[in-house]
Amino acid sequence: MLYQDALLRVVAVTDAEFADYAGHLRVILNRHVREMTELPTEDAERVFGVVLACEKLLREVMLPDKINLASLGNQVAHIHWHIVPRYCDDPHFPGPIWAERRRDVSGGTLGERRRRAAAIGESLRLALS
């Protein structure tokens, strides 16, 4: 958990299937709601504002080639957003992170990305306070 307030929380994704994606964040609504359009406007704006703040921070800290934003909810019908830093040499690029793996990332490259990701928590708390 990197940040939490009454509406939502931001977590660093540590699922084994995403181990090659240091800096992958998930913004999760605290209460159960299926779709963004079910939220009052001010809550939807806050959720998306946090998503954008996460994207901005990841761009600054992780220096990715691209950021992917995804809110699928097909397996978990609950509002949550994935914010994923992407690199041309990552295992699934140019496909989505859920696609078939195309390559491995060198240990040194992944280690450097993990070192950068370690700085995200405090920066995020400052940005969202």
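Miscellaneous remarks
Each row is one residue, and each column tells you yes or no for (1) of a type in the set (F, W, Y); (2) touching a Phe, Trp or Tyr at 6+ places or on another chain (Cβ under 6 Å); (3) free of Cβ contacts under 8 Å to residues at least 24 places away in the same chain; (4) under 22 Å from A99 (Cα atoms).
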| site | (1), (2), (3), (4) |
| --- | --- |
| V11 | no, no, yes, no |
| H24 | no, yes, no, yes |
| L39 | no, no, no, no |
| C54 | no, no, no, no |
| L69 | no, no, yes, yes |
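- Being modelled with pLDDT of 95 or more, touching a Cys at 6+ places or on another chain (Cβ under 6 Å) and either under 14 Å from R26 (Cβ atoms) or of a type outside the set (S, T, N, Q) (or both) holds for only one residue in I83, I67, I79, and it is I83.
- Filtered residue count, the range 29-61, keeping only those that are among the hydroxyl-bearing types (S, T, Y) and under 19 Å from A127 (Cβ atoms): 0
- Those residues of the range 105-129 which are farther than 27 Å from R46 by Cβ, more than 17 Å from the chain's Cα centre (by Cα) and exposed (fewer than 11 other Cβ atoms within 10 Å of the Cβ), in sequence order: S106, G107, G108
- Scanning the range 62-82 for residues that are under 23 Å from L126 (Cβ atoms), crowded, with 18+ Cβ neighbours inside 10 Å and aliphatic (A, V, I, L, M) yields one hit, M62.
- The lone exception for D5 - which of (1) in contact (Cβ under 8 Å) with a residue 40 or more places away in the chain; (2) surrounded by 14 or more Cβ atoms within 10 Å (Cβ to Cβ); (3) closer than 19 Å to E122 by Cα; (4) in contact with a Leu (Cβ under 8 Å, 6 or more places away or on another chain) it fails: (2)
The values are calculated or read from the model by the stated rules, or taken from the named source; none is laboratory data. Computed from a predicted model, the values in this text were never measured in an experiment. Quick reminder, even Gly has a Cβ in these numbers, built from the backbone with ideal geometry, and neighbours come from all protein chains shown.
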